[in-house]
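Note sheet for the following structure.
The values are calculated or read from the model by the stated rules, or taken from the named source; none is laboratory data. Bear in mind the structure is a predicted one, so any value in this text is a computation, not a measurement. No Cβ is skipped: glycine too gets one built from the backbone with ideal geometry, and neighbour counts run over all protein chains shown.
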Amino acid sequence: MTEPGARGSSMLNAARRSRELEALAGADEIDLLVIGGGVTGAGVALDAASRGLSVVLAEAHDLAFGTSRWSSKLVHGGLRYLASGDFAVARESARERHLLMTRIAPHLIRALPQLVPFVDGVSAKQRFFGGIGLWMGDGLRRIARTPSSVLPHPHRATVGEAVAMFPALSRNGIRGGIVGTDGQLIDDARLVTAVARTAAAHGATILTRTRATDVYGSGATLHDELGGGSLRVRARAVVNAAGVWAGQLDPDIRLRPSRGTHIVLDAATLGNPTAALTVPQPGSISRFVFALPTQLGRVIVGLTDIDAPGQIPDVPIPAEDEIDFLLTTLSRALDRPLARSDVRGSFAGLRPLIESRAGGSTADISRRHHVEVSSNGSVSILGGKLTTYRAMAKDAVDLALRHAGLDDPGCRTDRLPLVGAPGCPVPVPDAGARRSSATLRARYGAEAASVLAIGGHGGAERVADGIDVIRAEVAFAVRAEGALDAEDVLDRRTRIGLVPDDRVAAEDAVAETVAETLANLR
């Protein structure tokens with residue numbers, strides 16, 4: 001074990017990966033091996049490393065390769081779970097949102113107004129219960145002690161205010177609406193990267209492109225997917241945080257994945273909204289379709305909840321009827337119905353839900369997470385959701401330490417800012433006298449100027465016309481954020497790849513900058 005709170009470099013890159021793989025080959029037994037580089041696995045690595053444990057995280061692909069990058073990008077307060085009667089999950093979600101927005105990652109999260117419109121496409125019953133729901137959500141905010149300066153109270157919106165917030169709103173029978181507020185991430189994959197880098201700064205070894213097999217409570221075999229070769233890592237405890245792939249490592253695990261699909265629209269198509277639109281699904285008072293304005297001039301629309309049995313794909317594909325459902329439901333509240341030609345991209349993720357004996361719809365399966373010791377001796381973390389990753393990680397590490405008989409100095413992550421957050425003690429690269437833009441500050445927080453410093457000459461050049469990503473961000477992704485190729489940058493560090501046309505436009509410039517940066521690392 002190392003000294004709790006010990007800090008080093010947060011820079012993840014190919015050179016560090018090579019050094020740490022070489023060091024691991026000659027290492028003795030480590031305290032904890034974490035399998036999976038999504039938000040839960042990264043959270044486990046940070047929790048354990050910040051307690052002073054020696055930690056290795058192994059991810060077969062890239063950070064945030066799986067479910068963690070396919071969310072709605074919301075840090076939400078658990079209103080949905082309150083509506084289903086799961087008060088414990090709702091309260092936990094509100095508390096974790098509070099910690100993320102006030103201490104852990106306030107630089108990556110903004111308060112997002114959410115408008116329930118009073119238009120002809122939304123029934124009087126749906127308006128009433130939508131308003132009640134927002135006030136119940138405000139009650140969760142109060143329970144979590146989140147200040148109204150961070151998340152404002154709900155309020156009734158006039159017609160003018162509603163149309164100003166969402167200009168594409170239908171004018172048929174419009175009577176304004178009601179507005180609540182929730183938390184929105186600049187990007188879910190960026191949160192995962194920040195958690196993993198903070199773990200690295202506390203001494204964790206973060207190994208992407210490293211596949212784990214033969215997993216037991218005493219360790220696993222790790223295979224280098226880039227350079228070849230394998231090694232057996234001995235560990236006092238192992239945490240299986242592989243998400244929807246957890247059952248491939250442990251036959252005891254029974255999951256029932258569900259698919260959540262989103263579509264991507266141009267913000268200009270909807271009048272460049274400044275608030276999210278919350279549209280009740282037909283005949284429902286508790287399920288909604290959301291249109292969420294996000295970075296790069298896009299709006300993402302979601303979310304479905306469809307049973308997804310069978311083999312787990314690396315990248316899930318949205319079903320055509322899900323895309324149609326999202327377009328049709330959102331159009332009920334719009335001045336102009338949306339068409340397939342308005343869709344710029346689409347994506348789907350698989351929720352790692354725990355199999356329920358009761359059966360029924362996946363939408364009714366509890367999102368409560370579960371940690372257990374498997375028959376092979378490893379600790380599995382199952383279920384849950386992005387907002388509560390920290391609480392999930394804490395429970396997994398607590399159990400792993402008890403099972404392995406290791407000393408526990410206690411969890412510290414409820415008061416540990418991530419890299420880039422105000423008050424984070426992790427050193428950032430020298431930024432010199434450079435000034436950063438508001439866009440860079442929204443993505444990188446206190447590290448924004450460092451992004452420009454690392455980018456060097458020509459770093460302020462955009463990777464393609466009309467795409468608000470500069471070459472310096474690509475270089476920073478390779479030097480500091482663990483990106484190993486252009487795909488990592490396009491699909492997980494910048495999210496350009498959510499729109500296929502944008503991906504094509506930017507890929508040559510991104511590939512060129514990645515190659516140059518990798519060459520300079522050697």
* Looking at segment 492-519, which of its residues are under 21 Å from the mean Cα position of the chain (by Cα) and without any contact (Cβ under 8 Å) to a residue 12 or more places away in the chain? -> G497
* Asked: Within segment 156-176, can you find the residues that are exposed (fewer than 13 other Cβ atoms within 10 Å of the Cβ) and not in a loop (DSSP other than H, G, I, E, B)?
  -> G160
* Restricting attention to segment 408-422, does a residue exist that is crowded, with 18+ Cβ neighbours inside 10 Å, at pLDDT 95 or above and in a helix (DSSP H, G or I)? -> yes
* Asked: Of these, D491, D485, D501, which one is surrounded by fewer than 17 Cβ atoms within 10 Å (Cβ to Cβ), among the acidic types (D, E) and farther than 17 Å from M11 by Cβ?
  -> D501
* Structure fact -> Subset of segment 476-497, residues of a type in the set (A, V, I, L, M), closer than 22 Å to E59 by Cα and assigned to a helix (DSSP H, G or I), comes to A477, V478, A480, A486, V489, L490
* To do: List the helices (runs of 4 or more DSSP H) that sit entirely inside segment 30-126 and contain at least 2 residues that are of a type in the set (G, A, S).
  => 39-50, 87-99
* Restrict the check to segment 242-260 and report whether at least one residue is over 30 Å from V44 (Cα atoms) and of a type outside the set (D, E, K, R). => no
* Test set (1) assigned to a strand (DSSP E or B); (2) without any contact (Cβ under 8 Å) to a residue 12 or more places away in the chain; (3) of a type in the set (D, E, K, R) - R344 fails condition number -> (2)
* To do: Using the structure shown, decide if G43 is touching an Asp or Glu at 6+ places or on another chain (Cβ under 9 Å) and of a type in the set (G, A, S).
  => no
* **Inter-residue pairs, beta-carbon under 9 Å, first at negative phi and in a loop (DSSP other than H, G, I, E, B) and in segment 361-375, second of a type in the set (K, R) and at pLDDT 75 or above, 6+ apart** => I365/R256; I365/R351; R367/R351; R367/K385; H369/K385
